[in-house]
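This report concerns only the one structure given below.
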Amino acid sequence: MELIINGEALTLSAPLSVAALLDSRNLTGKRVAVERNGEIVPKSRHAETLLTTGDHIEIVVAVGGG
Amino acid sequence: MNQALNQISTTVAAPVVADPLVIAGRAYGSRLLVGTGKYKDFSQTRAAIDASGAEIVTVAIRRTNIGQEPGQPSLLDVLPPDQFTILPNTAGCFTADDAVRTLRLARELLEGHALVKLEVLGDSLTLFPNMPETLKAADILVKDGFSVMVYCADDPIQARMLEDIGCVAIMPLASLIGSGMGILNPWNLQLIIDQAKVPVLVDAGVGTASDAAIAMELGCDGVLMNTAIAAAQDPVRMAGAMKKAVEAGREAWLAGRMPKKFYSAVPSSPSGGLIGAK
């Protein structure tokens, strides 16, 4: 399936949960937040939320800023 | 005020301070808020923040780096949310929609944390706020349960609109973000301070310690800065200077300065008893 992750077009194989996507990026247990098609995916639903083709995913972290 | 203080002492575990800055019902001992950007490394970030005495620190929200080194420390490891009040910002957002999305992500990231700094920029050259978009975003965020501290133009009418929407702190610029030009329009700041019923903080433009002291002497409730510390030759030392400046300015404001008197010089020493007097 085709996904846009943090603005980058990627082809990944289904089924893929948000939790599995984070794990593949070594982000499990890190302080990150995930948005799918403009809506927050709460941490409690990362495991059950399956991605589908065309999804726009944003994964963010806190960085230095003023 | 007594009622407010009673409420604080019963609901906040933090130590009781003589002259607290109260934002969204929580009392803070420091009136200096600092950003975490532009430092050499995390070690310098932490040392400067410790020297500043700040309890509220701003962070930005950005996409994770693809291929980031696992195990690399993150900012929130250096500044743990149980030690600091983390204030996520919307720096870099040019629309209300982007700002709202960014802060919803921040709330998820910080496990339900409601206190945020809203800034919607209008122009990448000046980073001047886009006030129509700022007002729109503030309205959405307040209705969504956020406690919104808002970066804004030094326009008393729009400051009042933001307060009416329900923002918990009004944060006008003193001069452009990152410019270090200091307090360019103290008269407008004074108008905003005089009318506001929520804390007013100068956000942006402070360049050195005297600028922070002037902001506090005008009656600001606090000052938020980043570049003035991070871009100093010795950021940690400047952080300490800013702490003292904010405290000195606050004390001076509480003390009430002497009136300015042009053409009426009165000596501080006795005029009589001079040697050689006839």
Requested in this report: Mind listing just one residue for me: the one in the stretch B:194-223 that is under 14 Å from the mean Cα position of the chain (by Cα) and not hydrophobic (A, V, I, L, M, F, W, C) and, of those, farthest from B:PRO156 (Cα to Cα)?
Outcome: B:GLY207
Report summary line: Counting only helices (runs of 4 or more DSSP H) wholly inside the stretch B:138-219, the ones holding at least 2 residues that are more than 27 Å from B:VAL100 (Cα to Cα) are B:186-195, B:209-217
**Report entry** Those residues of the stretch B:22-40 which are of a type outside the set (D, E, K, R), away from every other protein chain (no Cβ under 14 Å) and under 15 Å from the mean Cα position of the chain (by Cα), in sequence order
**Finding:** B:VAL22, B:ILE23, B:ALA24, B:ALA27, B:TYR28, B:GLY29, B:SER30
Query raised in the report: In this structure, is B:VAL246 of a type in the set (Val, Ile, Thr), buried (at least 17 other Cβ atoms within 10 Å of the Cβ) and in contact (Cβ under 8 Å) with a residue 40 or more places away in the chain?
Result: yes
Requested in this report: With the condition kept exactly as written, say whether any residue in the stretch B:175-193 is within 14 Å of another protein chain (Cβ to nearest Cβ) and under 13 Å from the mean Cα position of the chain (by Cα).
Outcome: yes
Query raised in the report: Which number in (1) at pLDDT 95 or above; (2) among the basic types (Lys, Arg); (3) within 20 Å of the chain's Cα centre (by Cα) marks the one condition that B:ARG101 misses?
Result: (3)
Report summary line: Scanning the stretch B:138-162 for residues that are under 22 Å from B:GLY25 (Cβ atoms) and more than 16 Å from the chain's Cα centre (by Cα) gives B:ALA138, B:ASP139, B:ILE140, B:LEU141, B:VAL142, B:LYS143, B:ASP144, B:GLY145, B:PHE146, B:ARG160, B:LEU162
Query - Filter result (free of Cβ contacts under 8 Å to residues at least 12 places away in the same chain, surrounded by 15 or more Cβ atoms within 10 Å (Cβ to Cβ) and not in a helix (DSSP H, G or I)) within the stretch A:13-65 - result: A:ASN26, A:ILE40, A:VAL63, A:GLY64, A:GLY65
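Each row is one residue, and each column tells you yes or no for (1) modelled with pLDDT under 95; (2) within 9 Å of another protein chain (Cβ to nearest Cβ).
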position	(1), (2)
A:ILE4	no, no
A:LEU12	yes, no
A:ALA19	no, no
A:THR28	yes, no
A:VAL41	no, yes
A:ARG45	no, no
A:HIS56	no, no
A:GLY66	yes, yes
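The values are calculated or read from the model by the stated rules, or taken from the named source; none is laboratory data. Because the structure is a prediction, the values reported are computed rather than measured. Neighbour counts are summed over all protein chains in view; Cβ atoms, including those assigned to glycine, are modelled from backbone coordinates with ideal geometry.
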